[in-house]
Structures are given as C-alpha cells and as structure tokens.
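To start, the structure under review is shown below, and the notes come after it.
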Amino acid sequence: MLTIAGNLRQWPGRRWVAGTAAAVLIFVVVAIPTALIPNMFFTREIPPTWWSYTALGISSLLTGLLVATYVASPIARTGNTNKSGIVASLLTFFAVGCPVCNKLVLLALGTTGAMTFFEPVQPLLAVISIGLLVWALLRRVSQENACRVAPVAS
C-alpha cells in the first residue's frame, strides 16, 4: 500500500487535473438524474437515504482516480481493458437512485417490488460498486510499478 501512495505522489499535474475533472463530472452526471442535486428536470418520489451522498462521493472520487491512471500511463496499451470501472459506475447510479423512479426497476419489479426487493439491496450495490472501483484502481496503479519484461525472440 505504501508503494501505491508513493506512486500517486509522483503523478504529473495533468493526471490530477483529469482525475478531478472526471470525479466532478461523474458526481454531476449521476446526481442530476437521481435528483441528489435538486433540479427542474428530475424529481424523486422517495427522499435520498443518509448514505447516498457519501456513496456517490466515494464512487466519484475513486472513478476520478481510476480515470487519471489512463492519462500519461506507462502501462503498455494492449487493447484489452478491465471494464470493472464502468460496471461500478453503473452500479453507483442504481445504488443512489430513487427505487421507484428508475424505469428499468419499475418495469422489472413494479412499484411494490421496487420498494420491497430493490430498495433494501441498494446499500449492497453501493458497497459492491466501491469495492469494484477500489479493486480496479489498485490493479491499475500496481501495474504501473510492475517490472517490464522484454519479449523473447523466437
């Protein structure tokens, strides 16, 4: 863990700018349609829970750091990337959103099902989302410290 913190301290300024911009953008993009930021376009039938803002804040921060790892990255681009950050951000949206305002949940479960089955699962979705983001971030940062091995000529 100490090497990861040391690695973050060595990041260039443009990584921090990109990470901060991504974190703010993710916060706003999720908070507006879920009505965590009151606005005239979206409303909530059920008020936000006490943990919604915290979960969104942590997820936004971790997503910003994860996005920053792709800026000026020393990791060789192989074309295959881990999609856990995208999945985690989508889970955050479902975790902090109003259970009966989400059209997908309403179509799948109905109003009663959304309140009975989906609402109690939302905190678990938030924890899974944060866990996926931590895992993806640690994986990306630790790969930057990995030894580079030259390909063997055959």
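Restricting attention to the stretch 103-120, and to residues there that are of a type in the set (A, V, I, L, M, F, W, C) and open to solvent by 60 Å² or more (accessible area, probe 1.4 Å), which single residue is farthest from residue 87 (Cα to Cα)? Among those that are of a type in the set (A, V, I, L, M, F, W, C) and open to solvent by 60 Å² or more (accessible area, probe 1.4 Å), it is 115.
As a summary of the residue check, residue 117 satisfies the conditions (1) among the hydrophobic types (A, V, I, L, M, F, W, C); (2) in contact with a Leu (Cβ under 8 Å, 6 or more places away or on another chain); (3) within 19 Å of residue 58 (Cα to Cα) except for the one numbered (3). Only residues that are touching a Phe, Trp or Tyr at 6+ places or on another chain (Cβ under 6 Å) and outside any helix (DSSP H, G or I) were counted across the stretch 30-76, and they come to 2. Among the criteria (1) open to solvent by less than 30 Å² (accessible area, probe 1.4 Å); (2) in contact (Cβ under 8 Å) with a residue 60 or more places away in the chain; (3) closer than 16 Å to residue 140 by Cα, the one residue 97 does not fulfil is (3).
The values are calculated or read from the model by the stated rules, or taken from the named source; none is laboratory data. No experiment lies behind these values; they were computed from the predicted model shown. Reconstructed Cβ throughout: ideal geometry from the backbone, glycine too, with neighbour counts over all protein chains shown. Heads up: the accessible areas ignore ligands, DNA and RNA and are worked out on the full protein's heavy atoms, side chains in. Shrake-Rupley method; radii C 1.70, N 1.55, O 1.52, S 1.80 Å.
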